Amino acid sequence: MQKLEVFGAKRLKGQIQVSGSKNASLPILAATLLSDAKVILKNLPKVRDIDTMLALLESLGSNIRINKNEIIIDNSKQKKIFASYNLVKTMRAGILVLGPLLSKFGYAKVSLPGGCAIGTRPIDIHLKALSKLGVKYKINQGYVIARAPKGLIGNNIRFSKISVGATENLIIAASLAKGTTTLTNCAIEPEIKDLVNFLKKAGCKIKWISKRSIKIIGVNEIKEITHTVMFDRIEAGTYLIAAAVTGGNLKIKNIIPRVIKKEIEVLKKLGSKIIIKKNEVKIIGSKKIKSIKIKTAPYPGFPTDLQAQIMVLLCKANKSSTVQENIFENRFMHVAELNRMGAKILIKGNKAIIEGNISFEPAELMATDLRASVSLILAALTTKGKSIINRIYHLDRGYENIEKKLKKVGAKIKRVN
Ligand code: UD1
């Protein structure tokens with residue numbers, strides 16, 4: 001199994017190009033199932049979750065060609081409606097094929113994604129909302145077997161809780177439904193806006209009618225299109241924190257700064273100097289890091305996907321800080337490993353109390369999920385010595401060329417078998 005060796009105590013300096021967003025690419029790839037016309041996608045990140053989604057689409061009968069930096073998807077002969085456990089188990093976003101398959105064929109059999117390290121992660125909100133579009137379903141031997149005998153029929157749906165995945169599944173499903181659907185209490189993550197832009201370009205009739213409400217008038221078919229996926233705001237945030245934690249000086253390029261307003265605001269409060277340009281942000285880390293109280297929240301709040309990374313920076317603050325995790329019930333798996341490196345973080349329910357003024361010590365570590373893995377790299381970058389990070393397959397699910405990008409800005413990091 002591959003490991004990462006990280007040698008610390010280096011200030012990162014230079015520039016990093018941010019890749020395309022994994023979390024925007026996944027629902028857009030699922031949405032291509034609606035179409036019989038050719039779809040060309042650009043800026044997909046080269047990460048394992050995207051390979052898994054492409055394998056899932058191929059297993060459903062999609063014809064996929066990779067041509068330099070674009071992917072050409074032809075679903076005109078796609079007819080299968082069975083998404084197997086083997087493909088969905090490693091990546092929860094596999095459930096996003098349920099909406100488009102039901103919308104196109106009125107029938108689907110999709111594996112339940114199951115739990116994962118950061119929480120139980122049910123799909124009840126997806127299923128309840130799909131029922132309102134006329135879907136009947138049962139759960140049998142770990143699969144959702146769903147049918148819509150009369151096709152999907154538009155309705156007014158209010159989500160009981162804000163869910164990124166359920167909002168995406170329903171927007172996609174309603175795009176080919178008969179009549180009009182309104183969805184309220186929607187997630188409004190930038191990746192959802194990118195999905196909506198993609199669908200609108202393809203001829204779908206979708207309109208935001210208020211901050212968290214969207215109206216979708218079903219259409220009969222989807223047009224041929226080319227779409228460039230948005231930048232990965234979590235990757236951008238991770239590298240901003242990498243600069244802050246090493247007292248470095250980085251230009252984070254290929255982004256839209258206003259999309260990461262909250263992250264910039266937090267980093268400024270913590271003491272980093274930030275210069276915003278059109279498609280880049282320059283950050284100069286400070287030696288004096290301030291303390292803060294952070295609560296994760298749906299967009300435009302502070303993202304749960306940056307909670308582990310910011311915690312590393314807060315260990316270096318001049319006083320103790322708190323982080324409240326409001327999205328997932330078990331997303332503090334990185335804390336035990338950070339404490340093994342010398343951090344003093346105490347968990348009380350969904351709150352972490354983080355003591356400041358910590359100097360991390362190198363250690364052999366275990367990655368537990370995607371964002372936890374990267375937080376261990378950030379901590380290791382600040383130590384004097386060699387850390388070894390095991391189970392980095394988690395990292396490869398979502399960060400494109402991370403060692404290459406970090407090496408280019410001065411980090412000493414090596415992948416070993
Ligand atoms: C997406 C992101 C993930 C991010 C999360 C929150 C992708 C591929 N993944 O995950 O990186 O951390 O948004 O920003 O885009 N819930 C239910 N029932 C449901 C659905 C969700 O109880 O049917 C709960 C979840 O367990 C969680 C909360 O709602 O506690 C939010 O989950 P959701 O927004 O759906 O996250 P994902 O779409 O899975």
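The values are calculated or read from the model by the stated rules, or taken from the named source; none is laboratory data. Since we're looking at a predicted model, the values are computed, not measured. Please note: Cβ atoms are built from the backbone with ideal geometry, for glycine as well, and neighbour counts cover all protein chains shown. Heavy atoms of the whole protein, side chains included, go into the accessibility calculation; ligands, DNA and RNA do not. Shrake-Rupley method; radii C 1.70, N 1.55, O 1.52, S 1.80 Å.
Taking the 1.4 Å solvent-accessible surface of the stretch 45-184 as the whole, the part contributed by carbon and sulfur is 52%. Placing dummy labels 7 Å off each Cα toward the beta-carbon, the span from residue 213 to residue 351 is 3.6 nm. Rounded to the nearest 0.05, the FRET efficiency derived from the C-beta distance between residue 158 and residue 268 at R0 = 41 Å is 0.70. Using a probe of 1.4 Å on the protein chains alone, the accessible area found for residue 59 is around 40 Å².
The Cα atoms of the stretch 347-399 give a gyration tensor whose axes a ≥ b ≥ c have a/c of 1.5 or more with a/b no greater than b/c, which makes the shape oblate. Relative to the longest principal Cα axis of the chain, at what angle does helix 233-245 sit, 0 to 90 degrees, rounded to 10? Value to nearest ten degrees: 0. Report the label-to-label distance for residue 46 and residue 254 in nanometres (one decimal), using points 7 Å from each Cα along the Cα→Cβ vector. Placing both labels 7 Å beyond Cα along the Cβ direction yields 1.1 nm.
Per residue, the solvent-accessible area of the stretch 1-136 (1.4 Å probe, heavy atoms of protein chains only, all protein chains present) comes to 41 Å². One equal scatterer on each Cα of the chain, no solvent, Debye formula: the resulting log10 I(q)/I(0) at q = 0.06, 0.11 Å⁻¹ is -0.24, -0.81. With all protein chains in place and ligands, DNA and RNA left out, the 1.4 Å accessible area ranks 396, 194, 124 as 124, 396, 194, largest first. What fraction of the Cα pairs in the stretch 251-327, stated in percent, has a spacing above 20 angstrom? The proportion of pairs with Cα distances above 20 Å equals 32 percent.
Each 10 Å bin from 0 upward holds the following percent of the Cα-Cα pairs of the stretch 50-172: 13, 44, 33, 10, 0. For the stretch 215-318, the share of accessible area belonging to carbon and sulfur comes to 50 percent (1.4 Å probe, ligands and nucleic acids excluded). Pop out the Kirkwood hydrodynamic radius of the stretch 174-288 from its pairwise C-alpha distances, inverse of mean 1/r, in Å to one decimal. When all Cα pairs of the stretch 174-288 are included, the Kirkwood radius is 16.3 Å. Computed over the stretch 278-417, the Cα gyration tensor eigenvalues convert (square root of 5λ each) into semi-axes of 22, 18, 17 Å, ordered from largest to smallest. Highest mean packing first, where packing is the average number of other Cβ atoms within 10 Å per residue, the peptides 407-414, 242-249 line up as 242-249, 407-414.
Backbone geometry of the stretch 327-343 corresponds, through the Karplus equation with coefficients 6.51, -1.76 and 1.60 at θ = phi - 60°, to 3J(HN,Hα) couplings of 9, 10, 7, 9, 9, 10, 4, 6, 4, 4, 5, 5, 5, 5, 8, x, 5 Hz, x marking Gly and Pro.
Taking label points 7 Å from Cα along the Cα-to-Cβ direction, residue 68 and residue 361 give a separation of 5.3 nm. Residue-normalised convex hull volume from the C-alpha trace of the stretch 124-196: 85 Å³ per residue.
Per the Cα gyration tensor, the stretch 22-228 maps to an equivalent ellipsoid with semi-axes of 22, 20, 17 Å, ordered largest to smallest.
Short-range pairs are left out: with C-alpha atoms under 8 Å and at least six residues apart, the relative contact order of the chain is 21 percent. In terms of overall dimensions, the stretch 160-213 has a Cα radius of gyration and Dmax of 10.3, 29 angstrom.
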